[in-house]
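Trainee: Pasting in a structure now, in C-alpha cells, and then I'll have a few things to ask.
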Amino acid sequence: MSINFRKTYKFAVKSSLYITLFATGFVSILTYFFFYFSWLFSGIFAVSILVFSFFMLQYRVERFIYRRVKKIYDDISFLDSTTFRNQAITTDMATLTRQVKKFATDKKLEIEMLKDREEYRREFLGNVSHELKTPLFTVQGYISTLLEGGAMKDKNLRKKYLERAEKGVERLVYIVEDLDMIAKLEMGDESLEMIEFDIIELTQNVMDLLEMQANKKDITLNFDSKYYRPIMVFGDYEKIQQVVMNLVVNSIKYGKQGGSTEIGVEDLTNNKVIIRVTDNGEGIEKQNISRLFERFYRVDKSGARTEGGSGLGLSIVKHIIEAHDEKIYVESTYGVGSEFSFTLEKVETTPSR
C-alpha cells in the first residue's frame, strides 16, 4: 500500500497563520516597549514563524492522523477491497469518509446479492430434487411392483407397468437434457449455426406439429394476418424453432378450452423483426411475471406439473434468445391472456425484377 497520501494544507495553513499572528504581535509589543521597534525584524520573525509552524503542524498532524488512518486501511484491506487496495492513503477526512461509505455500501449490496443467490440456490436445488423425485419414484414403484408382486406373470399388466415406467424414464431424460442445454448455453459451449431462413415457414411448421395437441383443447392456432411473402431472418434455425415451439406449447397448456393462439411477425426497426405469440388463456398474475424465466418456476404450483414438461421451457427460451444477442418480452393480464415476443435480426431481401 502506497504511503504517498494526499495532503490537505488548510488546517496547517490556518493554524500556522494564527500562531504567526500571535507570536509576531506579541514580539512586536515587547520590542516596542523594551527595544527599538523594527519592521524588518518583525517581518523576518513572522515569515520564520509561519514557515516553521506550517511544516511542524503539517508533519505532526499528518503523522498523528496517518497512524490511525493507516490502521483503518489495514483493517479493511484484508477484505480484498480493490477500492482501497488501488488507492493511496488519504488524510482528508471528507475523502476518507466517502471512501468508507462507498465501501460499506458496496459490501452491503454484495452481501444482499449473495443472500439472494443463496436463496435462489436453495430453491433451485429443491425444485430439481422435486422434479427428479417424482418420475424416479414412479419408475421405482412400477418396477418394484413387477419384481415383488405377481404382475410379472400377467402379460397385459406387465406391459402396462413397463409402459408407465418408460414414461417416467422419458421424463427424467427430458429434464436432464434440458438442464444440459441450459448449462451449455450459459457457459457458451452450445454453438449457434447461424443461417438465413423464413420465419413464416418455420412458424407454420411448428403450428402443423402442434395442431393435434391444440385440437385436444379445441384451441385454434393461426397467424394474426396473411403473409404473402417470406420474412427472412438470421439465426439458428433449430433453436429458434424450439423457442417458437416452447411458447406455443405453453399457450396451449395454459390456454382456455375453445381459445386461440395467434402468431404475428412485424418489423420493429430497419434491421429487426419481432415475433409475437398471443393467447387468450388464463393469463399471469403480475407478481409472477418477473420470475417466469427462472428454472422450474411454476405459476400454478399445484396443477402445472400435471400438464407435463420439464419446467425449463421458458428458461431455455430466454437463454437461446440471449445467445442470439436479442431480447424477449412478456405482457400478460390475469384472466385475459398473455403475449410473449422476441426479436431477431432481419435479412433484407432483394426484390425480384
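The values are calculated or read from the model by the stated rules, or taken from the named source; none is laboratory data. If you're wondering where the values come from, they're calculated on a predicted model, not measured in any experiment. All Cβ positions, even for glycine, are placed from backbone atoms using ideal geometry, and neighbour counts span all protein chains on display.
Trainee: Does GLU294 satisfy the criteria of being on the phi < 0 side of the Ramachandran plot and either modelled with pLDDT of 90 or more or part of a helix (DSSP H, G or I) (or both)?
Mentor: For GLU294, the condition - on the phi < 0 side of the Ramachandran plot and either modelled with pLDDT of 90 or more or part of a helix (DSSP H, G or I) (or both) - is not met.
Trainee: In this structure, does ASN215 turn out to be loosely packed, with under 14 Cβ neighbours inside 10 Å and either touching a Ser or Thr at 6+ places or on another chain (Cβ under 9 Å) or on the phi < 0 side of the Ramachandran plot (or both)? Working first, answer last.
Mentor: Details: loosely packed, with under 14 Cβ neighbours inside 10 Å: yes; either touching a Ser or Thr at 6+ places or on another chain (Cβ under 9 Å) or on the phi < 0 side of the Ramachandran plot (or both): yes.
It is true that ASN215 is loosely packed, with under 14 Cβ neighbours inside 10 Å and either touching a Ser or Thr at 6+ places or on another chain (Cβ under 9 Å) or on the phi < 0 side of the Ramachandran plot (or both).
Trainee: Restricting to segment 183-212, name every residue that is touching a helix residue (DSSP H, G or I) at 6+ places or on another chain (Cβ under 6 Å) and over 18 Å from MET232 (Cα atoms).
Mentor: Passing the criteria: LEU185, GLU190, LEU210.
Trainee: While we're here: LEU268 fails exactly one of the following numbered conditions: (1) part of a strand (DSSP E or B); (2) modelled with pLDDT of 90 or more. What is the number of that condition?
Mentor: Just one mismatch for LEU268, condition (2).
Trainee: Is it the case that some residue within segment 190-202 is over 21 Å from VAL347 (Cβ atoms) and either hydroxyl-bearing (Ser, Thr, Tyr) or in contact (Cβ under 8 Å) with a residue 12 or more places away in the chain (or both)? Let's see the steps before the verdict.
Mentor: Applying the first criterion (over 21 Å from VAL347 (Cβ atoms)) to segment 190-202 yields 190.
Those left that are additionally either hydroxyl-bearing (Ser, Thr, Tyr) or in contact (Cβ under 8 Å) with a residue 12 or more places away in the chain (or both): 190.
Scanning segment 190-202 turns up at least one residue that is over 21 Å from VAL347 (Cβ atoms) and either hydroxyl-bearing (Ser, Thr, Tyr) or in contact (Cβ under 8 Å) with a residue 12 or more places away in the chain (or both).
Trainee: Output the residue which, of all residues in segment 157-171 that are surrounded by 13 or more Cβ atoms within 10 Å (Cβ to Cβ) and over 13 Å from GLN140 (Cα atoms), is modelled with the highest pLDDT. Give the steps one after another, and end with the answer.
Mentor: Pass one, segment 157-171, residues surrounded by 13 or more Cβ atoms within 10 Å (Cβ to Cβ): 157-158, 160-162, 164-165, 167-169, 171.
Now narrow it down to the ones that are over 13 Å from GLN140 (Cα atoms): 157-158, 160, 171.
On the way: LEU157: 80, ARG158: 81, LYS160: 84, ARG171: 78.
Filtering first and then ranking leaves LYS160.
Trainee: Additional query: Could you check ILE231 against (1) under 14 Å from THR203 (Cβ atoms); (2) among the hydrophobic types (A, V, I, L, M, F, W, C); (3) modelled with pLDDT under 90 and say which number it fails?
Mentor: Condition not satisfied by ILE231: (3).
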